[in-house]
Each structure stands twice: as structure tokens, then as C-alpha cells.
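Notes follow once the structure below has been shown.
Every read-out reported here was derived from the displayed coordinates using simple, explicitly stated rules and does not represent laboratory data. Just so it is clear, the structure is predicted and the values come from calculations on it, not from any experiment. Cβ placement follows ideal geometry from the backbone for every residue including glycine, while neighbour counts extend to all protein chains displayed.
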Amino acid sequence: MTQKIIIDTDPGQDDAVAILLALASPELEVLGLTAVAGNVPLEFTAKNARIVCELAKRPDVPVFAGCDRPMARDLVTAEHVHGKTGLDGPQMADPTMPLQDKHAVDFIIETLRNEAPGTVTLCPLGPLTNIATAFQRAPDIVERVARIVLMGGAYFEVGNITPAAEFNIYVDPEAAKVVFGAGAPITVLPLDVTHKALTTAPRVQAFRDLGTQVGLMVAAWTNFFERFDKEKYGSAGAPLHDPCVIAWLLRPDLFTGREVNVEIEVESPLTRGMTVADWWRVTDRPANALFIGDMDAEGFFDLLTERLQRLS
Ligand code: RIB
Ligand code: CA
């Protein structure tokens, strides 16, 4: 039976690869993409989501624009990583498929109310603004969510946008607090695990060797965004963050983690957006998330490359 998912996203090259992986996987039914401001402003993320759908030859997938700024703060973007457009690297034609008129938050609410309870999984790949806004506007939908599988946060790996916080959580910590406190089942793919999904040269070459437009685009996106992280971390490649969310849905056996309590810092200017994960269970705070700490990186890239090959 296929899993129905909504991908909430701020493309971003790594978001783009995650979307391609989902569209290439028959186990998943992508009900829609909801764009959110994050890596780049909403006008770009809403455009980029459509570019990726057209690259996958899936103009049938509805794309909705959502929140253009965090719930309670000014927007912080990441052009320094992703470039001005968010999909810098290769030249990309503007999309021809339309943006849906409906707001992304309304799409999330209506879809969860219309689909059978427990059948729709939310896959946030950016700041949690759309998800939290939907939960606040329609609290009844929370218990209808099958699971939230999100990329965000960090514990042992600490922060990437500040010394304490990972970007997606940092941009809208109030939204993250709402989502982590809502009570829906959550799987977190934090930097602790995504930093093990490195785009090494042989892995990028495998994308290129697919000999398809998708393979060439993914290799070109990777070459662009990895320059920043390789310089920063001195690593052999850049972390391919967001596709880990989709890979966990497809092959949870490639990942390991533990059910722990995760709270979000929203008060301190120094540590805003920090995901305080009680990994060692030193408090009696109830576990509210499956926090993933490790992965089989080779198995992940084999899965990703095999699925991308299906997108001719
Ligand atoms: O910190 C990494 C996350 O921030 C990824 O989702 C990337 O796309 C950016 O949104
Ligand atoms: Ca993202």
C-alpha cells in the first residue's frame, strides 16, 4: 500500500533531491508540495518546487505557496549556501506549471480532514512555519496525522547556522515548539545523521553516470552547494540533508535512533532554535520524537542513485 505524503519544502538543492527521490518511489503518493520561506524567500521556493516537479516530468503534482515569513520573527535565509535562487548551479528554465491558488496551510488542513485519519505523513524539509500554522488554525488535524518525518535540529553535531542551532529550527523556533509539542508522532533527521550522508566524489560521479538530465542536474546542484560545507567542515563532501527524510520512509532499516524528549529553545538570543534532545534520558520529560543518530550512508546513496535512475 502506498504511503500518502505532503512534502513541505524550501528548495534548496537538497530539498530538490528529496522531492525527486519521493517522485521516483512508487511506495509514496505525493499529494502535494507546500512551499515555505527558508533557504530563499517564498517566491523562489514556490518556483523551485515547480521546477523540480517539471524536471521529474510530474507537472500533475500540485504546488502550493505557504508562509512567507516565520511566525514571530524576521526571515533568515541561506543564499550563502544555496545561491540567490536557491537552486544555483545549473541554468534552470522558469516553470510552466501553475502555482495552486489555495494557500499551503489551507491545503494541509483540508487534506488531513479529507483523507482517512492516520493515512497522511507530513514531510517538512524546511522551517516548520506552515505546519505549525496549520496546527494552530485547526487543532483537530493533529490527531489525524500519521507521522511527521522532518529534517531539522541537532544534538551531538550542534548547530550549523549558529553554534547552537540547525537552520530549519533556527529560522522559526516558535513553529518548531508548536510542532514538537503537538503530540503527533515525530521522526527527526537531525544534523547528527545527515552529516553522515556526504556527497563524496564517487557518489556524485554515480549521479553523473546515470546519463540522464536528472542525474546531470543533481550532480550540478551538488557541485554548487557542497562548496560551502566542504570549505566549512573540511569534509570529503557536503551533507545531503533532506533526502534522508524520504529515505527513512522508504528504508527505515538504513537508520538508527532512539525515542527521546526534544524541546526547543525559544527564549535565549544565544541558543534560540536549539533542539535540546534528552539523548541520555537525564530528565523525566516524556519522549516525543524518534531522534535519528546514525545511518548506512552507502545504502542510502545506493537507494538514491537507483531511484533517480527511474526518472528518465
Ligand atoms: O540545516 C539544513 C537544512 O536547512 C536543510 O533542510 C536545508 O535545505 C536547509 O533548509
Ligand atoms: Ca530544506
For helices (runs of 4 or more DSSP H) lying entirely in segment 117-190, having 2 or more residues that are within 26 Å of N48 (Cβ to Cβ) and away from ligand 1 (no atom under 16 Å from the Cβ) picks out 129-137, 173-180
- Message: Scan segment 90-100 and tell me whether some residue there is under 24 Å from L189 (Cβ atoms), more than 16 Å from the chain's Cα centre (by Cα) and either crowded, with 23+ Cβ neighbours inside 10 Å or not basic (K, R) (or both).
- Response: no
Picking from V178, V158, the residue that is at positive phi, surrounded by fewer than 24 Cβ atoms within 10 Å (Cβ to Cβ) and not small (G, A, S) would be V158
When segment 62-77 is checked residue by residue, the ones that are crowded, with 21+ Cβ neighbours inside 10 Å and either without any contact (Cβ under 8 Å) to a residue 40 or more places away in the chain or small (G, A, S) (or both) are V63, A65, G66
Exercise. Is it fair to say T187 is surrounded by fewer than 16 Cβ atoms within 10 Å (Cβ to Cβ) and β-branched (V, I, T)?
Worked result: no
Being more than 16 Å from ligand 2 (Cβ to nearest atom), closer than 20 Å to D296 by Cβ, surrounded by fewer than 24 Cβ atoms within 10 Å (Cβ to Cβ) and not basic (K, R) is the requirement here; does D209 meet it?
no
Here the residues within segment 251-289 that are loosely packed, with under 13 Cβ neighbours inside 10 Å and either assigned to a loop (DSSP other than H, G, I, E, B) or among the small types (G, A, S) (or both) are E267, S268, P269, L270, W280, R281, V282, T283, D284, P286
